[in-house]
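Q: This is the structure I want to talk about, given as structure tokens.
The values are calculated or read from the model by the stated rules, or taken from the named source; none is laboratory data. Given the structure is predicted, the values throughout are model-derived calculations rather than measurements. So basically every Cβ, Gly included, is an ideal-geometry build from the backbone, and we count neighbours across all protein chains shown.
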Amino acid sequence: MYPGNQSTVTEFILLGLSEDPKLQILLFHVFLVVYMTTLTGNLLLIVAVGTDKRLHKSMYFFLASLSFLDICYTSVIVPKMLVNFLSSNKRISYTGCTIQVFFYLFLGETECILLAFMAYDRYAAICHPLHYNMIMNTSTCMWMICMSLLTGCIISSIDVYFTFRVVFCGPNTINHFFCEAPLLLKLACSDISSNRIVTLVGTAILAFVPLSLILFSYSRIIITIVRTHSGKYKTFSTCVSHLVVVVIFYGTAMFMYARPEHAANKDTDKTVAVFYTVVTPMVNPLIYSLRNKDVHRAMRRMVGRLS
């Protein structure tokens, strides 16, 4: 049982992106379209990879896994946000907030690690093509997925424990559109110095280790591409897609969690949070499919079969 259960606060109030009723209606329709686009794009990519034998390769297995994570990740936050746009009751229970924080951190941290493994997959394919099938076999891919999930679960569990072990006894209003750990800690009535240390250590691990693997993989890929004359554009085009996703996801998340506390700005925080919780899951399948002819062909064949 968490010590946080001693808190007198039993629910929190999410102020959302805006308090203007007319703007909230507009935002509801915008985010509804974005959410439906996210679900459709990621589901199409998953179905295309699952039904087309030509895409039964490690690269597309990772893409389908990323799409599944994105669906779950955005679904932890967006449905509640849509309900709050249309409701005057913007409350979320203490338990609901705890669950949202856990799954938001778990899925986001898992995605950080998965992006690193995807970079290594491209490194193995481009720098060691003759041994690629041996290096990235089915068991290796499954091991990487399991490691991503296990590591994300362990780190997020630690984060949630330290977040909700504090006592909430006073204000319960969160100036945000979902329960985010740093903003919750600002409402705490007890000492949060240990929480700051845990957050910094967790951010350092999730930033340094996966980013180191990504930077190593792509530095070797760029060197190999420069030395190779055949298929250079196609190879680099595929890698650019992955790098765009990495920059958007890591850049916005690190801006939120790795900056000094005094640099916080509520309006900027909300805008940045929209990028890594709503925009990134939507653009991931678009970025990968638009720059990948194999996915194009698979989706055309799938649509042809359906029609």
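Q: Can you name the residue in the range 291-304 that is touching a residue at least 24 places away in the same chain (Cβ under 8 Å) and assigned to a helix (DSSP H, G or I) and, of all such residues, is nearest to the chain's Cα centre (by Cα)?
A: Val295
Q: Another question, if that's okay. What number goes with the only condition from (1) part of a helix (DSSP H, G or I); (2) in contact (Cβ under 8 Å) with a residue 12 or more places away in the chain that Leu23 does not pass?
A: (2)
Q: Would you call Thr163 within 24 Å of the chain's Cα centre (by Cα) and of a type in the set (S, T, N, Q)?
A: Yes, satisfied.
Q: Only one residue in Ile135, Ile126 is of a type in the set (A, V, I, L, M) and without any contact (Cβ under 8 Å) to a residue 12 or more places away in the chain. Which one?
A: Ile135
Q: Select from the range 148-204 the residues that are of a type in the set (Val, Ile, Thr) and loosely packed, with under 15 Cβ neighbours inside 10 Å and list them in ascending order.
A: Ile154, Ile158, Thr173, Ile197, Val201
Q: Something else now. Which of (1) over 18 Å from Ser241 (Cα atoms); (2) polar (S, T, N, Q); (3) in a helix (DSSP H, G or I) does Thr38 not meet, given it meets every other one?
A: Condition (1) is where Thr38 drops out.
Q: Right, something else. When you go through Ile145, Ile92, Ile99 one by one, which is the residue that is aliphatic (A, V, I, L, M), surrounded by fewer than 20 Cβ atoms within 10 Å (Cβ to Cβ), within 22 Å of Leu14 (Cβ to Cβ) and at pLDDT 90 or above?
A: Just one listed residue meets the conditions, Ile99.
Q: On to the next question. Restricted to the range 149-174, and to residues that are in contact with a helix residue (DSSP H, G or I) (Cβ under 8 Å, 6 or more places away or on another chain) and free of Cβ contacts under 8 Å to residues at least 40 places away in the same chain, which residue is farthest from Thr110 (Cα to Cα)?
A: It comes out as Phe162.
Q: I've got another one for you. Please give the number of the condition Leu69 fails out of (1) of a type outside the set (Ser, Thr, Tyr); (2) part of a helix (DSSP H, G or I); (3) farther than 30 Å from Thr138 by Cα.
A: The single condition Leu69 does not satisfy is (3).
Q: Can you tell me which of Thr228, Thr252 is modelled with pLDDT of 65 or more and surrounded by fewer than 15 Cβ atoms within 10 Å (Cβ to Cβ)?
A: Just one listed residue meets the conditions, Thr228.
Q: Suppose we keep only residues that are surrounded by fewer than 21 Cβ atoms within 10 Å (Cβ to Cβ), in a helix (DSSP H, G or I) and of a type in the set (S, T, N, Q) within the range 265-288. Which one would you say is modelled with the lowest pLDDT?
A: Thr268
Q: Anything in the range 87-109 that is in contact with a Phe, Trp or Tyr (Cβ under 9 Å, 6 or more places away or on another chain), among the β-branched types (Val, Ile, Thr) and in a helix (DSSP H, G or I)? List them, or say none.
A: Scanning the range 87-109 gives Thr98, Val101.
Q: Here is a further query. Kindly indicate whether any position in the range 105-119 is free of Cβ contacts under 8 Å to residues at least 12 places away in the same chain and closer than 30 Å to Thr173 by Cα.
A: Within the range 105-119, not a single residue is free of Cβ contacts under 8 Å to residues at least 12 places away in the same chain and closer than 30 Å to Thr173 by Cα.
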